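What follows is a set of notes on a single structure, which appears directly below.
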């Protein structure tokens with residue numbers, strides 16, 4: 001039985017509860033990686049728990065209270081007591097980051113905060129580790145899922161802002177009081193943190209210019225479509241002359257931009273640097289389990305620096321025959337009943353047609369289909385049968401089609 | 001003056017040379033982060049250097065020779081001598097990974113290999129750290145830039161495979177002997193590594209089924225467009241029943257798929273897990289400076305585990321007035337000469353029109369424009385002037401447009 005690594009949890013809202021559950025589920029796997037088994041040994045909420053007691057009984061403290069007070073005091077006291085801290089508190093880091101980071105350095109503890117920006121999208125880790133040696137020129141980000149959901153709704157159906165906001169609230173993507181999201185303040189706090197890491201210069205929330213999406217109309221969206229533009233709430237942190245600019249505002253994107261196709265409540269960040277051109281990271285930006293996953297990644301890193309790849313824990317068989325959807329093309333005699341016979345042969349092997357295009361080519365026709373997913377062995381069985389049919393005039397051509405569900 | 005951290009470099013091809021240059025350029029910044037200053041203290045090529053001597057004079061060894069022999073022997077000997085190793089050698093890791101990783105564990109050294117898969121796209125780090133506690137269900141990847149470039153060329157211009165390959169060779173995206181790329185073998189090695197990390201089960205290159213792109217025709221591409229499909233060489237690693245499937249083959253993607261819009265020589269990887277839904281990472285997959293950047297990220301991580309956020313090194317001014325492109329919409333009298341007058345007012349402030357749409361609405365017209373980038377203060381100056389013009393019938397509406405260059 002592995003030794004216990006004691007985690008004190010401050011805050012038990014959506015993310016806190018998801019974190020406690022996910023940590024319990026994954027404790028064995030984490031024990032395999034780190035050699036010690038993490039366990040929540042104390043929880044502080046408004047109505048239960050005592051901070052001093054939890055602190056004394058923890059190796060690491062996870063702060064998921066949010067806001068400045070009392071989170072700031074707890075985080076400082078935990079680090080001064082020599083405990084690593086993992087936090088997802090963007091407001092705290094964007095307002096008091098230097099105080100917190102200098103306390104962490106002074107007491108030689110880790111302060112990790114992947115969950116504070118873009119949930120499980122690993123932008124903090126990438127800036128601090130992958131790109132630690134890079135000279136970052138610019139960051140663009142969609143770092144607020146609520147506003148991206150609202151703008152995606154408006155673009156999709158020509159929906160008015162107020163209706164899209166209401167729908168976001170109904171679906172749980174926006175809070176009852178959405179002010180911090182729709183005014184751009186939440187995104188501004190996140191951009192302050194990213195700018196601080198990318199440029200190694202102090203940046204606080206009050207230095208970030210921000211503008212929200214409340215004034216955007218459905219008509220703007222419609223006209224923009226004439227230019228092929230997509231509207232997003234974009235955070236920018238970039239070098240400008242001898243300084244930097246950090247700002248958040250709605251902006252139209254041309255279709256080739258890596259952030260133009262980021263829709264719904266997803267977040268995405270693009271980091272540009274001369275040596276690397278650009279990298280883009282995207283994924284679900286918020287939600288309990290997603291942010292909790294980011295917090296767990298931080299807890300594992302704090303538990304033990306990943307020295308190497310752990311031993312394998314399984315010896316899974318590598319399977320050869322899997323289910324795939326297929327594109328299938330062949331030349332056939334241009335006669336009545338051919339498509340029906342093709343469908344019948346396919347059906348015998350359990351293959352069903354999703355879409356079909358037939359085009360005449362003189363006495364022949366080219367038949368191109370997309371086939372719903374089935375075991376590849378069954379599909380290739382059908383293709384062999386088809387190749388022998390008298391009305392088939394060319395070797396059938398088959399290419400897999402991925403993830404039909406994305407189009408459903 | 002910071003202490004020197006001695007890096008032994010094995011191999012001095014495109015990536016090796018780029019690494020040596022980039023490390024020298026960034027040495028001061030890295031010294032700030034880690035407290036020690038990295039320096040290449042020995043280089044081994046076919047014609048110069050002695051391995052034993054380089055090993056004795058290094059704290060860490062970077063292996064950029066490629067291939068199995070003698071790279072395997074060098075990496076093993078370095079780790080047995082207690083040195084951390086950073087490698088970008090996908091073939092070595094996909095063929096002898098378990099031997100290397102167990103040697104690393106045994107001698108308590110780090111073996112890092114971000115550059116082996118998808119260049120600077122941080123998929124290794126994300127699997128090993130961010131998602132260390134996650135139960136990964138599936139990985140999809142475009143992990144070979146050469147074939148993605150060729151397929152993008154074929155899709156763009158209806159170019160034949162042979163012509164697109166020739167163009168890739170001329171531009172340096174494909175080697176003179178492109179066999180490993182176009183047959184899918186290179187991608188298969190990378191998917192073996194990703195599957196090993198994601199599923200903690202041994203996977204070697206010889207267990208990966210792969211199929212290349214040599215048989216793809218321009219006609220396949222044209223017909224697929226009727227279904228809205230994009231063709232990519234896709235690597236898949238996924239759980240199937242009680243085993244896993246690891247394979248590489250061409251596949252069509254529906255337009256909503258996160259990999260469908262990854263074009264040219266870019267790489268991208270999507271990781272799916274129940275708790276996180278999915279995250280997507282994309283960026284330049286190959287090239288000397290890009291892979292060298294990934295190697296440097298690994299070197300920094302090996303030098304010192306990132307305990308915390310370093311002190312700021314700069315105190316850059318936060319600039320308020322930046323250049324932006326704008327969308328500008330307003331209602332105007334539907335009279336001759338109005339557009340000319342609008343253009344003149346804009347021009348007085350240095351604003352020039354990139355695109356314009358004018359639509360009649362009874363006696364009025366709606367004028368919608370995209371304006372080329374200019375200082376925001378100048379643009380808003382022009383808007384104030386326009387608002388006062390007698391033919392302007394509504395408050396002008398301005399929204400920023402990002403990165404015009406993506407559409408040029």
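Among the conditions (1) more than 14 Å from chain B (Cβ to nearest Cβ); (2) out of contact with any strand residue (DSSP E or B) (no Cβ under 6 Å at 6 or more places or on another chain); (3) in a helix (DSSP H, G or I), the only one that residue A:66 does not satisfy is (3). Selection over segment A:271-295 of residues that are closer than 17 Å to residue B:285 by Cα, more than 7 Å from every other protein chain (Cβ to nearest Cβ) and surrounded by fewer than 23 Cβ atoms within 10 Å (Cβ to Cβ) gives a count of 3. Entry remark, segment B:225-239: residues being buried (at least 22 other Cβ atoms within 10 Å of the Cβ) and in a helix (DSSP H, G or I) number 0 in total. A single member of A:301, A:265, A:261, A:315 is facing chain B (nearest Cβ under 9 Å) and either buried (at least 22 other Cβ atoms within 10 Å of the Cβ) or closer than 20 Å to residue B:118 by Cα (or both), and it is A:301. Only one of the numbered conditions (1) free of Cβ contacts under 8 Å to residues at least 60 places away in the same chain; (2) crowded, with 24+ Cβ neighbours inside 10 Å; (3) in contact with a strand residue (DSSP E or B) (Cβ under 8 Å, 6 or more places away or on another chain) is not met by residue A:181, and that is (3). Applying the criterion of being in a loop (DSSP other than H, G, I, E, B) and facing another protein chain (nearest Cβ under 7 Å) to the residues of segment B:243-257, the residue that is surrounded by the fewest Cβ atoms within 10 Å (Cβ to Cβ) is B:256.
Return the total of residues in segment A:101-126 being in contact with a strand residue (DSSP E or B) (Cβ under 7 Å, 6 or more places away or on another chain) and either modelled with pLDDT of 90 or more or not in a loop (DSSP other than H, G, I, E, B) (or both).
Let us first name the residues in segment A:101-126 that are in contact with a strand residue (DSSP E or B) (Cβ under 7 Å, 6 or more places away or on another chain), namely A:101, A:104, A:109-113, A:116, A:118-123, A:126.
So of that shortlist, the ones also either modelled with pLDDT of 90 or more or not in a loop (DSSP other than H, G, I, E, B) (or both) come out as A:101, A:104, A:109-113, A:116, A:118, A:121-123, A:126.
Total meeting the criteria: 13.
In this entry, residue A:58 passes the filter for residues that are buried (at least 17 other Cβ atoms within 10 Å of the Cβ) and within 32 Å of the chain's Cα centre (by Cα).
Once segment A:388-408 is narrowed to residues that are closer than 25 Å to residue B:248 by Cα and not in a strand (DSSP E or B), the residue that is modelled with the lowest pLDDT is A:408.
Looking at segment A:198-224, which of the residues that are outside any loop (DSSP other than H, G, I, E, B) and facing chain B (nearest Cβ under 7 Å) is surrounded by the most Cβ atoms within 10 Å (Cβ to Cβ)? Among those residues, the one meeting the criterion is A:199.
Can you tell which of B:375, B:367, B:361 is in the same structural domain as residue B:400 (by TED's automatic domain parsing), closer than 20 Å to residue B:323 by Cα and in contact with a strand residue (DSSP E or B) (Cβ under 9 Å, 6 or more places away or on another chain)?
On the way: B:367 fails: closer than 20 Å to residue B:323 by Cα; B:361 fails: closer than 20 Å to residue B:323 by Cα.
The conditions single out B:375.
The values are calculated or read from the model by the stated rules, or taken from the named source; none is laboratory data. Model, not experiment: these values are computed from the prediction. Ideal geometry is used to build each Cβ from the backbone, glycine not excepted, and the neighbour counts take in all protein chains shown.
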